[in-house]
Amino acid sequence: MKLLGSVRAKKSPRVTAMAVAAIAVIGVGVVAPVVVPSESQAQSRRTVPPTARYVSSSGQGFILDTSGSRPLMRLERSTEVWVLRPTPAPRGDIIYRNDNGDQVLRVTPDGAVTLYTTATPQGSPASRVGEAQGLASAAMTGAQLVEYFMRQSYRASTAMGRLIVIDVDIQPGSEQVAADTVSAASDAIVRMARSSNLRAQVERVRRVVVSDQGRPGVSLVQGTLRIVIDADAGIAGRPSSARIVRVVGGDALNR
């Protein structure tokens, strides 16, 4: 049975995403802080185009965007944008990892790219096939945000076959990062719901709370998946779906 997800907004002096939609239609823009590129970032920009589309030998397409202060990547057929951390490797290669520490890409000094996914953990060579638009999040109005939250809640609820409530409690200026966070949480729930060894772990999740108050992090306590974001850090201030899966899955991931 498909259940429609619910988005709740707490009644508080702070402006929530729901309140933004109810009060006015506004544009939201999030600017990431300026970060001085490291030596590995500078090298990676010399060997790959600022933004391009690639396709691996396994058929997986993706976009890599190194035009900003932090490298970004999105797999095709996925809405999640990954914030990557470049680190130097032997022979002058650059390894890109997500916030969970997983190796996602490897780039050689001559620009050869290898993609690593759960389907191809040993790596799959990728070729550049064209240009692509940057992956920076576009601004959304308050009404668009609420509709987006509802779609993500519906997606998670459908995967679980029961209601997943989403509460968004944020201050003005945090809306776009909160939207990215809700999307990552939904991606994590859907992925775990489809996994035979993680389904039991995600069954514990009844509610998702996204807040910009407190120390950034992810926790699961008594059925509530609580995610605290750092909106000032832009997209890098929220966890990826891989990190959320790590927290919810716990010991089951090591079985």
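The values are calculated or read from the model by the stated rules, or taken from the named source; none is laboratory data. From a predicted model like this one, the values you see are computed outputs, not experimental measurements. Glycine gets a Cβ as well: all are built from the backbone with ideal geometry, and neighbour counts include every protein chain shown. Note: accessible area is taken over every heavy atom of the protein model, side chains too, but ligands, DNA and RNA are not part of it. Shrake-Rupley method; radii C 1.70, N 1.55, O 1.52, S 1.80 Å.
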So, R0 is 41 Å and r is the distance between the beta-carbons of GLN213 and ARG128; what FRET efficiency does that work out to, to 0.05? 0.45
Among THR181, SER127, VAL165 the positive-end extreme of the charge dipole of segment 113-187 (Cβ point charges): SER127
Hey, what's segment 123-235 come to in accessible area per residue, 1.4 Å probe, Å²? 43 Å²
For segment 179-230, which whole-number percentage of the solvent-accessible area (1.4 Å probe, protein heavy atoms only) is attributable to carbon and sulfur atoms? 44 percent
Between SER58 and ALA143, with labels modelled 7 Å along Cα→Cβ, what's the label distance in nm to one decimal, could you check? 4.2 nm
Starting from the Cα of GLU76, step 7 Å along the direction of its Cβ; do the same at VAL221; then give the gap between the two resulting points in nm. 4.4 nm
Hey, what did segment 112-199 get for relative contact order, percent, Cα under 8 Å, at least 6 apart? 23 percent
Among 159-172, 234-247, the order from most to least packed when residues are scored by Cβ within 10 Å on average: 234-247, 159-172
Under a plain spin-label model, where a point goes 7 Å from the Cα along Cα-to-Cβ, how far apart in nm are GLN171 and ARG91? 4.9 nm
Given just the C-alpha atoms of segment 203-255, how large is their convex hull per residue in cubic angstrom? 82 Å³
